[in-house]
Amino acid sequence: GGGGGGGGGGGGGDDGGSGDGMDETYLGSMLFTRNVSGTRVVKPGKTQRISGFEFEGYGSSTDAYPCAYMTAACSIGVTRGEVDMFLSRLDKAMAEFKKKRAKKAKKRGAAAGK
């Protein structure tokens, strides 16, 4: 069968562009630990300097994409079962990501109220 190639997204720092303290790229690392390859989460506003050249919106197809997004790769020959497995793992990872994000936001709100 087919399947995706590539890496698993970013690390998962604490400086997410959403303002809630959880980096969107953490979803990429969550998928990677669930044996999902071929995904990449791109955060807006990343700048990278390579050989003296500065790239705005590094990793994105445009300099100023307005929000984080995820790409998923697959190859010719991928089966329906593989796509279904990917979607199942993505659903579970998204649910866990949202839960962790809400918990972190709640914790930050409680700390701010003290």
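Distance between the modelled labels on ALA111 and THR33, one decimal in nanometres: 1.9 nm (7 Å Cα→Cβ projection). Among residues other than GLN48 with Cβ under 15 Å from its Cβ, the summed charge is +1 (Lys and Arg +1, Asp and Glu -1). Ligands, DNA and RNA excluded, the heavy atoms of MET70 present near 60 Å² of accessible surface to a 1.4 Å solvent probe. The residue among PHE86, THR47, ALA102 whose Cα reaches farthest toward the positive pole of the charge dipole of the range 25-104, with charges on the beta-carbon of Lys, Arg, Asp and Glu, is ALA102. With θ taken as phi - 60° and the Karplus curve 6.51 cos²θ - 1.76 cosθ + 1.60 applied, the whole-hertz 3J(HN,Hα) list for the range 44-59 is x, x, 6, 10, 10, 9, 10, 6, x, 9, 9, 10, 7, x, 4, x Hz, x standing for glycine and proline.
The values are calculated or read from the model by the stated rules, or taken from the named source; none is laboratory data. Not measured: the values here are computed from a predicted model. Methodologically, a virtual Cβ is constructed for each residue, glycine included, from the backbone with ideal geometry; neighbour enumeration extends over all protein chains shown. Ligands, DNA and RNA are stripped out before the accessible areas are found, and what is left, the full protein with its side chains, is counted by its heavy atoms. Shrake-Rupley method; radii C 1.70, N 1.55, O 1.52, S 1.80 Å.
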